[in-house]
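First the structure, in the form of structure tokens, and then the observations on it.
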Amino acid sequence: MPSNDASAAAAAARSEPPSMPIHLRPAQPADIPTLVPLLVRLKRLNEEFDPLLRVRDDAEGQAREVLKASIADPKAVVLAAEGVGADKDKVVGLVLAVIRERPFYAPAVEGVILEIYLLPLYRRRGVGEFLLRETTAALKAKGAGVVIAEFPAQNEIASRFYAKRGFRPIIVRQARSL
Ligand SMILES: CC(C)(COP(=O)(O)OP(=O)(O)OC[C@H]1O[C@@H](n2cnc3c(N)ncnc32)[C@H](O)[C@@H]1OP(=O)(O)O)[C@@H](O)C(=O)NCCC(=O)NCCS
């Protein structure tokens, strides 16, 4: 079998389109040191959009704890996106999503995407769409009947990304400083 066919077959086995510049896999505790900077970068990006999202001095430690708890939580989905080729073994993106009960609404279980981040070089090439598709499938497999994206209202990248994929606002959170 020619090598192109072999790599296409390997990609198909991992359910990734052959041209996808990443390899997506569940995150492991050993990934935490490489995931922390990505999660903090996302929070710093959100801070740029909204002064009410000022990043705390201890954000790195908090990120470590959140990731550790989420990776161990069977009701969470934590995915690590690794580069391929020269970037093989380099973590270039992450997704963190959770399963939540909905006591008053049907469907009774929702999957909530809390964090989705790709290093800038990997953006706008369809990787985000692939992450969203795979995350949605993982949440559905854990019982979710609806998928929800939580992101800062002022984050225009997220607003456009999700709107393009058919998401619309259903619950609004508003804030003011005290
Ligand atoms: C959100 C994110 C994961 C999407 O991944 P992606 O690979 O760029 O997404 P895709 O290539 O599948 O889709 C691209 C679409 O996303 C939106 N988008 C991506 N980058 C954008 C930007 N800088 N400005 C505005 N919209 C943007 C647009 O709708 C774009 O479509 P277009 O190119 O036709 O305008 C990625 O852009 C990212 O990491 N952004 C920074 C982190 C972030 O804001 N996360 C969401 C909040 S939790």
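Every number here is computed from the coordinates shown, using simple stated rules; none is lab data. It should be emphasised that the depicted structure is a prediction, and the values quoted were computed from it without experimental measurement. Quick reminder, even Gly has a Cβ in these numbers, built from the backbone with ideal geometry, and neighbours come from all protein chains shown.
Test Gly143 against the criterion of being within 16 Å of the ligand (Cβ to nearest atom), more than 27 Å from Glu47 (Cβ to Cβ) and not in a helix (DSSP H, G or I), and give yes or no. Can you show your working first?
On the way: within 16 Å of the ligand (Cβ to nearest atom): no; more than 27 Å from Glu47 (Cβ to Cβ): yes; not in a helix (DSSP H, G or I): yes.
The answer is no for Gly143.
Apart from one condition, Ser159 fits all of (1) more than 7 Å from the ligand (Cβ to nearest atom); (2) more than 19 Å from Arg44 (Cα to Cα); (3) in a helix (DSSP H, G or I); the exception is (2).
Out of all the residues in the stretch 165-172, is one or more outside any loop (DSSP other than H, G, I, E, B) and not polar (S, T, N, Q)?
Going residue by residue through the stretch 165-172, those that are outside any loop (DSSP other than H, G, I, E, B) are none.
So far as the stretch 165-172 goes, no, none of its residues is outside any loop (DSSP other than H, G, I, E, B) and not polar (S, T, N, Q).
In the stretch 80-97, the qualifying residues are those that are free of Cβ contacts under 8 Å to residues at least 60 places away in the same chain and surrounded by 20 or more Cβ atoms within 10 Å (Cβ to Cβ), and the one that is farthest from the ligand (Cβ to nearest atom) is Ala80. Considering Glu101, Glu134, Glu60, the condition of being within 15 Å of the ligand (Cβ to nearest atom) and of a type in the set (Asp, Glu) is satisfied by Glu134 alone.
One residue alone among Leu79, Leu96, Leu139 is among the hydrophobic types (A, V, I, L, M, F, W, C) and closer than 17 Å to Glu16 by Cβ, and that residue is Leu79.
Among the residues here, Ala59 qualifies as more than 15 Å from the chain's Cα centre (by Cα) and of a type outside the set (S, T, N, Q). Quick check on Leu121: is it more than 24 Å from Lys75 (Cα to Cα), surrounded by fewer than 18 Cβ atoms within 10 Å (Cβ to Cβ), within 16 Å of the ligand (Cβ to nearest atom) and of a type in the set (A, V, I, L, M)? Spelling it out, Leu121 is indeed more than 24 Å from Lys75 (Cα to Cα), surrounded by fewer than 18 Cβ atoms within 10 Å (Cβ to Cβ), within 16 Å of the ligand (Cβ to nearest atom) and of a type in the set (A, V, I, L, M).
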